[in-house]
Amino acid sequence: MVVRRPPARSRQAQILAVAAERFHRSGYHQVSMTEVAAGVGITAPALYRHFRGKPELLDRAVRLGLDELAGGLRAARSTADVGTALAAVAVGHRPLGTLVQRDARLLPPARRAALRRELRADVALMVAVLRAERPELGDRDAELLCWSALSACAGLSYQSAVPQPRRAERLVRELVAAVLAVTLDGAVPDLRPSVPADELRPLPRREELLAAAVRLFHRRGFDNVSTDQLGAAVGISGPSVYRHFESKQHLLAASLVRGRERLWQEVAGAIAGAAGPAAALEAGLGAYVGFARGNSDYLGAMLSETERLAAPDRRAAVDFRRDFLRTWVDLLRRVRPEYDAAEARIRVHALFALVNDGVRNRPYSARADLGDCLRRLGRAVLGVPGGA
């Protein structure tokens with residue numbers, strides 16, 4: 001009997017689908033070429049006949065989703081068409097949001113730059129359609145709305161369980177429409193500084209290290225930061241770091257714990273101090289946006305470096321995120337009881353992705369009125385009054 005091999009193109013698509021799912025679920029650093037090969041049912045040497053290594057796998061997996069997105073946006077003639085294109089990719093290439101937000105920074109510099117150009121080109125297509133329908137929008141506001149719509153769609157990547165595809169696409173189209181309808185006129189500049197409070201006062205050495213670690217790990221990646229660099233950031237030698245922390249991994253864990261404690265204290269405190277569910281949701285939204293503006297490095301490191309933690313610390317981080325999400329989902333359903341748990345989770349994940357990207361996406365993150373803009377956008381994706 002003759003066993004026919006699948007065409008090379010079909011095999012490559014299968015490999016990319018498996019790689020994207022494994023990277024999405026476990027993190028780029030935790031996945032080996034051997035594991036990807038096993039997921040496809042081939043040997044590692046056979047895998048290398050199709051792809052030179054993990055960087056190419058990641059690059060091609062990201063590009064596959066972005067190519068489909070660009071094709072859909074080029075054909076879009078209305079914001080409804082834009083929503084359809086974004087929803088199709090968000091559901092059909094669900095790992096894409098995680099790969100772009102978390103793992104793409106690990107690509108070689110030339111590919112990172114190319115990825116950014118592709119995303120800017122996608123946003124330019126969206127802006128052209130949006131401004132045709134809303135000519136009153138300036139470029140700056142239109143671009144922020146379009147970047148925010150992309151981020152909200154990426155939130156679907158973080159769902160542990162997604163509703164039936166047609167329903168998921170409908171919800172994503174609703175999110176995109178809501179974001180693109182937001183009015184940013186009259187957004188109020190923030191008066192409080194958007195830098196971490198830690199940077200406004202002298203700190204003990206251990207606290208300095210925690211602040212420097214979360215900044216460096218987010219901006220360069222855990223594996224690209226040495227103890228010498230950590231020490232230099234606070235004016236000590238590399239070996240002196242070990243007087244305060246047993247290892248670099250312990251320093252990462254401690255810095256993420258400190259960030260979680262502050263996030264919970266600020267958001268839970270705001271929610272607890274409000275009178276009624278609607279006021280609590282509004283207070284929580286304001287607190288989360290305020291925290292994000294002052295702690296963007298923590299949010300970035302939480303997103304990108306959790307997989308680098310030892311197993312017990314990783315479980316603690318995942319448990320915190322699950323509990324934090326549940327708090328928001330329960331509160332949102334008290335305000336909007338017509339939402340079931342699945343819809344509320346999609347909307348809350350969209351909020352987190354939108355805010356987390358918004359405070360890190362320059363030059364838009366430098367807007368003086370960014371906090372008010374993000375609160376308006378957050379209300380829109382949550383589906384509560386005041387977003388448009």
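The values are calculated or read from the model by the stated rules, or taken from the named source; none is laboratory data. None of the values given here were measured: they were computed from a predicted structure. Neighbour counts are summed over all protein chains in view; Cβ atoms, including those assigned to glycine, are modelled from backbone coordinates with ideal geometry. For accessibility, only protein heavy atoms count, side chains too; no ligands or nucleic acids. Shrake-Rupley method; radii C 1.70, N 1.55, O 1.52, S 1.80 Å.
Can you spot a residue in region 260-267 that is touching a residue at least 40 places away in the same chain (Cβ under 8 Å), open to solvent by less than 10 Å² (accessible area, probe 1.4 Å) and closer than 16 Å to residue 318 by Cβ?
Within region 260-267, one or more residues are touching a residue at least 40 places away in the same chain (Cβ under 8 Å), open to solvent by less than 10 Å² (accessible area, probe 1.4 Å) and closer than 16 Å to residue 318 by Cβ.
Given the condition assigned to a helix (DSSP H, G or I), free of Cβ contacts under 8 Å to residues at least 60 places away in the same chain and under 23 Å from residue 25 (Cα atoms), answer yes or no: does some residue in region 286-304 qualify?
Scanning region 286-304, I find at least one residue that is assigned to a helix (DSSP H, G or I), free of Cβ contacts under 8 Å to residues at least 60 places away in the same chain and under 23 Å from residue 25 (Cα atoms), so the answer is yes.
Quick one: how many residues across region 295-317 are open to solvent by less than 40 Å² (accessible area, probe 1.4 Å) and in contact with a helix residue (DSSP H, G or I) (Cβ under 7 Å, 6 or more places away or on another chain)?
15
Taking region 234-255 on its own, how many of its residues are crowded, with 16+ Cβ neighbours inside 10 Å and touching a Ser or Thr at 6+ places or on another chain (Cβ under 7 Å)?
The number of residues fulfilling the criteria is 2.
On the basis of being under 18 Å from the mean Cα position of the chain (by Cα) and crowded, with 17+ Cβ neighbours inside 10 Å, does residue 381 make the cut?
Against the criterion (under 18 Å from the mean Cα position of the chain (by Cα) and crowded, with 17+ Cβ neighbours inside 10 Å), residue 381 qualifies.
Is one or more of the residues making up region 199-221 modelled with pLDDT under 95 and either in contact with a strand residue (DSSP E or B) (Cβ under 8 Å, 6 or more places away or on another chain) or of a type in the set (S, T, N, Q) (or both)?
Within region 199-221, none of the residues are modelled with pLDDT under 95 and either in contact with a strand residue (DSSP E or B) (Cβ under 8 Å, 6 or more places away or on another chain) or of a type in the set (S, T, N, Q) (or both).
From the list 118, 169, 174, 143, which residue is assigned to a helix (DSSP H, G or I), touching a Phe, Trp or Tyr at 6+ places or on another chain (Cβ under 8 Å) and open to solvent by 20 Å² or more (accessible area, probe 1.4 Å)?
143
For region 318-351: of the residues being among the small types (Gly, Ala, Ser) and surrounded by 19 or more Cβ atoms within 10 Å (Cβ to Cβ), which is farthest from residue 384 (Cα to Cα)?
Only one residue fits best here, namely 350.
How many residues does region 128-140 contain that are under 21 Å from residue 378 (Cβ atoms) and surrounded by fewer than 22 Cβ atoms within 10 Å (Cβ to Cβ)?
Residues of region 128-140 under 21 Å from residue 378 (Cβ atoms): 130, 134, 137, 140.
Restricting the remaining residues to those that are surrounded by fewer than 22 Cβ atoms within 10 Å (Cβ to Cβ) gives 134, 137, 140.
Number satisfying all stated conditions: 3.
Can you pull out every residue in region 53-105 that is closer than 14 Å to residue 176 by Cβ, free of Cβ contacts under 8 Å to residues at least 40 places away in the same chain and surrounded by fewer than 23 Cβ atoms within 10 Å (Cβ to Cβ)?
72
For residue 189, state whether it is modelled with pLDDT under 90, exposed (fewer than 15 other Cβ atoms within 10 Å of the Cβ) and not in a helix (DSSP H, G or I).
yes
Just for helices (runs of 4 or more DSSP H) wholly inside region 1-99: which have at least 2 residues that are closer than 22 Å to residue 157 by Cβ?
8-26, 33-40, 54-74, 79-92
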